[in-house]
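Input: a single structure, listed below in structure tokens.
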Amino acid sequence: MTHLTYKKTSIRSKCLQDRARLSAADCRIATDTVTETLSAFFKEHPAAVICTYYPIQNELSPIPFLNRIIDDITLVMPRYNAERDDYEIAEVRNLDSDLVQGNYDIQEPASSCPVYPKKDVSLWLIPGLAFDHTGARIGFGSGIYDRLLADTTGLKVGLAHDFQLIKTIPQDDHDIKMDFIITPSSTYDCRVG
């Protein structure tokens, strides 16, 4: 195991443990706060097409925010494509009826949802286990979002609990940085030094 891999694994483990300790009430309060922050952010950075995730394991949920605006945007989400053994983006019109249990037991668009070109996504809401102020991110380690975000131009916004924002994240060449990080207490513009 390389030193970089060891550091990432250590950060991943600590953040997973810390997130697992959150109560349902803690998650609800944090999500409510971030929902308001996202609403204000969306007014400053309107987007016609938003790609989001379905929250797992005490991740901040973008769903309440998206329910407010779903009629005014095109909403897309990652979906596993078994033929390609990778993820693609598919359009979701209804968060209640268009999602099914997918790869890694995560809700994803049903096979009936049309594939959508990732180049047309104007705003990406991205989960992670840890972020830093430069926009660096650590996920579960499979590189799904790094591959999805490669060669895209939409704003990349990481959503995280405050404790998930750490001093420094080690980076590989293929790691994609966020433009903004939104936590319950702050919004960080990672594009400015």
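The values are calculated or read from the model by the stated rules, or taken from the named source; none is laboratory data. As the structure is a prediction and not an experimental result, all values here were calculated from the model. In this analysis, Cβ positions are derived from the backbone assuming ideal geometry, glycine residues included, and neighbour counts consider all displayed protein chains.
Table: residues versus (1) modelled with pLDDT of 95 or more; (2) surrounded by fewer than 18 Cβ atoms within 10 Å (Cβ to Cβ); (3) more than 25 Å from K167 (Cα to Cα); (4) among the β-branched types (V, I, T).
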site: A82; (1), (2), (3), (4): no, yes, yes, no
site: P109; (1), (2), (3), (4): yes, no, yes, no
site: P114; (1), (2), (3), (4): yes, yes, yes, no
site: V121; (1), (2), (3), (4): yes, no, yes, yes
site: R137; (1), (2), (3), (4): no, no, no, no
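Test D120 against the criterion of being without any contact (Cβ under 8 Å) to a residue 12 or more places away in the chain, of a type outside the set (S, T, Y) and out of contact with any Pro (no Cβ under 6 Å at 6 or more places or on another chain), and give yes or no. So D120 fails the test. Could you look through the stretch 148-187, keep only residues that are closer than 20 Å to E88 by Cβ, surrounded by fewer than 15 Cβ atoms within 10 Å (Cβ to Cβ) and not small (G, A, S), and pick out the one that is modelled with the lowest pLDDT? Taking the candidates together, the pick is H174.
Given the criteria charged (D, E, K, R), free of Cβ contacts under 8 Å to residues at least 60 places away in the same chain and under 20 Å from M178 (Cα atoms), does E88 qualify? Taking the combined requirement at face value, the residue satisfies it.
Residues considered: S111, S142. Of these, the only one that is hydroxyl-bearing (S, T, Y), more than 26 Å from A48 (Cα to Cα) and not in a helix (DSSP H, G or I) is S142. Whenever a residue of the stretch 171-193 is within 24 Å of A30 (Cβ to Cβ) and in contact (Cβ under 8 Å) with a residue 60 or more places away in the chain, its partners that are surrounded by 12 or more Cβ atoms within 10 Å (Cβ to Cβ) and basic (K, R), lying with C-beta atoms within less than 9 angstrom and at least six residues away or across chains, give the pairs F180/K156; F180/R191. Could you tell me whether G143 is free of Cβ contacts under 8 Å to residues at least 40 places away in the same chain and out of contact with any Leu (no Cβ under 9 Å at 6 or more places or on another chain)? So G143 passes the test. Whether any residue in the stretch 1-18 is assigned to a loop (DSSP other than H, G, I, E, B) and at pLDDT below 95 is what I want to check. Within the stretch 1-18 (the criterion being assigned to a loop (DSSP other than H, G, I, E, B) and at pLDDT below 95), the answer is yes, since at least one residue qualifies. Looking only at residues in the stretch 34-52 that are in a loop (DSSP other than H, G, I, E, B) and in contact with a Ser or Thr (Cβ under 9 Å, 6 or more places away or on another chain), the one that is farthest from L99 (Cα to Cα) is H45. Scanning the stretch 39-62 for residues that are buried (at least 16 other Cβ atoms within 10 Å of the Cβ), more than 10 Å from L123 (Cβ to Cβ) and among the aliphatic types (A, V, I, L, M) returns a single hit, L60. Hey, does the stretch 62-69 have a residue that's closer than 19 Å to Y188 by Cβ and in a loop (DSSP other than H, G, I, E, B)? Yes.
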